[in-house]
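The structure under discussion appears below in the form of structure tokens.
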Amino acid sequence: MAGSGRAAGGSGGRRTRHRTEAPLLPLLLVWISCCISCAESTKPNIVLVLVDDQDVQLGGMTPMKKTTGLIGDAGATFANAFTVTPLCCPSRSSVLTGRYPHNHEVRNNSVSGNCSSVLWQKGPEAEAFPVYLHKLEYQTFFAGKYLNQYGKKEAGDVGYVPPGWDQWHALVGNSQYYNYTLSVNGKEEKHGDSYEEDYLTDLILNRSLHFLDDKSLHHPFFMMLSPPAPHSPWTAAPQYQKEFNNVQAPRDGSFDKPGKDKHWLLRQPVNPMPNSSLTFLDNAYRRRWQTLLSVDDMVEMLVKKLDSIGELNNTYIFYTSDNGYHTGQFSLPIDKRQLYEFDIRIPLLVRGPGISPKQTLQAPVLNIDLAPTILDISGVNLSTVNMDGQSFLAQMVGCYFTLTCFLTLHPTVRNQNLTKDSVFQAPSLRNGTTRPFFLVEYTGEGHPTTDPSCPKLGPGLSQCFPDCVCEDAYNNTYACVRTLDGKQNLQYCEFADSESFVEMYNLTSDPHQLENIVKKVDPSVLQAMNQRLIKLQSCVGESCRNVK
């Protein structure tokens, strides 16, 4: 009506606009009051499914037909999602805290590397996002793999339950499918090798369904489901052990290419790979896919359950992985831990209230962004939390359930000095900008003695296979600055090794990172990237999001 008044009013349109807008203010205030009431009584529920070692670059999402349909097609798929460190424990610590590894100080999968250590428990873990949700009276539930050293004696044993969790069903140690121990609310629970009773992916599903049956109707809930798949030992459910028998690892891109002009560790693998390595990695590739079929079933059953209890339309569901994976790239048989796209890119699918279906979003997001996004959904003011990541909620929902757009677009409301945060806390557009540069960092692991599988290379290596291929080493320690903004698609990495090795890639012209262009780039570009890297390696909070 106001629009038609302006169009018909000519030079008198301004008076007409004021006359027609004035009655809107009382209506708006009534609407705001209703929104406050609704926001208080119907806070969204949140589910995070965090799988273990699932790549996205090498077809890792191919088995996930149901998940792709029920989450991705029903919501948003992030085409450029990254982990800030390609290893389980430091990556999961980043998911929980919203911080880069140099700020939560978990460096690797060992207790000495701060994985679930006492130092971690007393510091970053006490500020992890579930703690905030619990304070907001979210009912919190965890099941599956937590951190690699969780439950070990030197990490507090099974009796230790991290803060913020109401229901706790956590795996002791690293991923297993059978013959494992759980901490169930601080009590030890041992499991054997019965598929019906013990298969971990199915157990996680069953206990999550029980939680949904028993939850309070008066408070929202947060669930974190962390199945072992597709991590080794790649034990598929019986009904899926013959699937994908004709599948092999993709042979394109950097598969079995020599690590020319790359850091020391990648110059060691035998090239071309022997048949024994090819057979091994193809078998691993198939078995990884087989284990994922149970995860796909889990997602389907969870969505059906949420629908049946009337909660699906008020629940955000996130699906992602802690890191990527490789099978044969640059002649490395299997693992993660490397700076290349196959190890640092991760799947990320999200559905939920206000997210339009079938979106593919291009702006880069990081796993340190999960925590602030989840807190943003819950209504936490992000300026009050100590996190390096930023919410990507605005990328998915636009103006849904916010006053920001209305307050910005409607002058009468704007002139009342009302702000969204003065009205109510709900999913917001705050902190929704994209970042021009971000950090990927990794601290290599090695053994002080020579690995018998690779005696000629001496001490300091780990994750060694026959044929003298080692996937990690003390000097596989690096930090990279990555930019992906439509104008440039670059990666610049420096190694903390005796060579002070540097790698740089233009992924627009070289998406498989075959050519290290560090010797061809203008020195001023290298200097600028080096300065950004220095800033990112010491950044904290806001400074991590605004490196230019």
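The values are calculated or read from the model by the stated rules, or taken from the named source; none is laboratory data. Every value quoted in this text rests on a predicted model; they were computed, and no experiment measured them. Reconstructed Cβ throughout: ideal geometry from the backbone, glycine too, with neighbour counts over all protein chains shown. Keep in mind that these areas ignore ligands, DNA and RNA; they rest on the heavy atoms of the full protein, side chains included. Shrake-Rupley method; radii C 1.70, N 1.55, O 1.52, S 1.80 Å.
DSSP loop GluC sites (Glu not before Pro) in the range 469-548 with at most 10 other Cβ atoms within 10 Å of their Cβ, which ones? Could the numbers behind the result be given before it?
Values: sites: Glu471, Glu494, Glu499, Glu503, Glu515, Glu542; in loops: Glu499, Glu515.
Counting only loop positions with at most 10 other Cβ atoms within 10 Å, the GluC sites (Glu not before Pro) in the range 469-548 are Glu499.
For the chain, a simple Cβ point-charge model (Lys and Arg +1, Asp and Glu -1, everything else neutral) yields a dipole of about 2120 debye relative to the Cα centre.
When the pairs Lys65/Lys305; Lys135/Lys305; Lys43/Lys305; Lys260/Lys535; Lys153/Lys336; Lys145/Lys187 are compared against a 23 Å limit on Cα-Cα distance, Lys135/Lys305; Lys260/Lys535; Lys153/Lys336 fall above it.
First check a/c for the range 186-341, with a ≥ b ≥ c the square roots of the eigenvalues of its C-alpha gyration tensor; if it is under 1.5, answer rounded, and if not, answer prolate when a/b is larger than b/c or oblate otherwise. Working shown, then result.
Details: a/c = 2.64, a/b = 2.08, b/c = 1.27.
Since a/c reaches 1.5 and a/b is larger than b/c, the shape of the range 186-341 is classed as prolate.
Taking amide H as placed 1.01 Å from N in the peptide plane, Asp335 has its amide H under 5 Å from the amide H of His326, each at least 5 places away in sequence or on another chain.
Near Thr181, once Lys and Arg are set to +1 and Asp and Glu to -1 for all other residues with Cβ below 14 Å from its Cβ, the sum equals 0.
Computed over the Cα atoms of the range 276-331, what is the convex hull's projected area averaged over all directions, in nm²?
Values: hull surface 19.6 nm².
Projected over every direction and averaged, the Cα hull of the range 276-331 covers 4.9 nm².
With a Förster radius of 41 Å applied to the C-beta separation of His218 and Ser194, the computed FRET efficiency comes to 0.65. Taking amide H positions as modeled 1.01 Å from N, with prolines and chain starts lacking one, the residues under 5 Å from Val47 and 5 or more places away or on another chain are Met223, Tyr316, Ile317, Phe318.
Per residue, the convex hull around the alpha carbon atoms of the range 96-181 comes to 93 Å³.
What percent of all Cα-Cα pairs in the chain falls into each 10 Å bin, going from 0 up to the bin containing the maximum distance? Percent of Cα pairs in each bin: 3, 17, 27, 26, 15, 7, 3, 1, 0. Helical runs assigned H by DSSP (4 residues or longer) give the chain a calculated mean residue ellipticity at 222 nm of -8500 deg cm²/dmol, each run adding -39500 (n - 2.57) before division by the residue total. Bridgeable aspartates and glutamates around Lys66 (alpha carbons under 20 Å apart, same-chain partners fewer than 8 residues away excluded): Asp52, Asp53, Asp55, Asp202, Glu243, Asp296, Asp297, Glu300, Asp307, Glu311.
The largest accessible area among Ser498, Ser356 belongs to the first residue in Ser498, Ser356, and the rest follow in falling order (1.4 Å probe, all chains).
How much length is gained if the chain between Thr508 and Asn246 is pulled fully straight, taking 0.36 nm per residue apart and subtracting their Cα-Cα distance, in nm to one decimal?
Values: separation 262, 0.36 × 262 = 94.32 nm, distance 3.27 nm.
91.1 nm is the gain from fully extending Thr508 to Asn246.
The HN-Hα couplings worked out from phi for the range 221-228 by the Karplus form 6.51 cos²θ - 1.76 cosθ + 1.60 (θ = phi - 60°) are 10, 10, 10, 10, 10, 10, x, x Hz, whole numbers, x standing for Gly and Pro.
In this calculation the C-beta distance from Ala79 to Ser543 is compared with R0 = 25 Å, giving a FRET efficiency of 0.40. The heavy atoms of Arg207 present about 50 square angstrom of accessible area, all protein chains included, probe 1.4 Å.
Report the full-extension gain for the segment Lys187 to Asp467: residue separation times 0.36 nm, less the Cα-Cα distance, to one decimal in nm.
Working: separation 280, 0.36 × 280 = 100.80 nm, distance 4.34 nm.
Net length gain for the segment: 96.5 nm.
With the gyration tensor restricted to C-alpha atoms of the range 304-399, the semi-axes of the equivalent ellipsoid amount to 29, 18, 12 Å, longest first. Accessible surface for Ile309 stands near 60 Å², nearest 10, in the context of the full protein assembly shown (1.4 Å probe). Each label point was placed 7 Å from the Cα along the Cα-to-Cβ direction; for Lys135 and Thr62 their separation is 4.6 nm. The distance linking the range 117-149 with the range 324-374 is 22 Å (Cα centroid to Cα centroid, whole angstrom).
If you take every DSSP beta bridge whose two residues both sit in the chain, what share of them, in percent to the nearest 5, is antiparallel? Present the calculation step by step, with values, prior to reporting the outcome.
Numbers: 37 of 64 bridges.
The antiparallel fraction comes to roughly 60 percent.
Treating the beta-carbon of each Lys and Arg as +1 and of each Asp and Glu as -1, no other charges, what is the dipole magnitude of the range 225-281 about its Cα centre, to the nearest 20 debye?
Numbers: 6 positive and 4 negative charges, 36 e Å.
So the magnitude is around 180 debye.
Listed by chain and number, the aspartates and glutamates whose alpha-carbon sits under 16 Å from that of Lys122, ignoring those within fewer than 8 places in the same chain, are Glu105, Glu154, Asp157.
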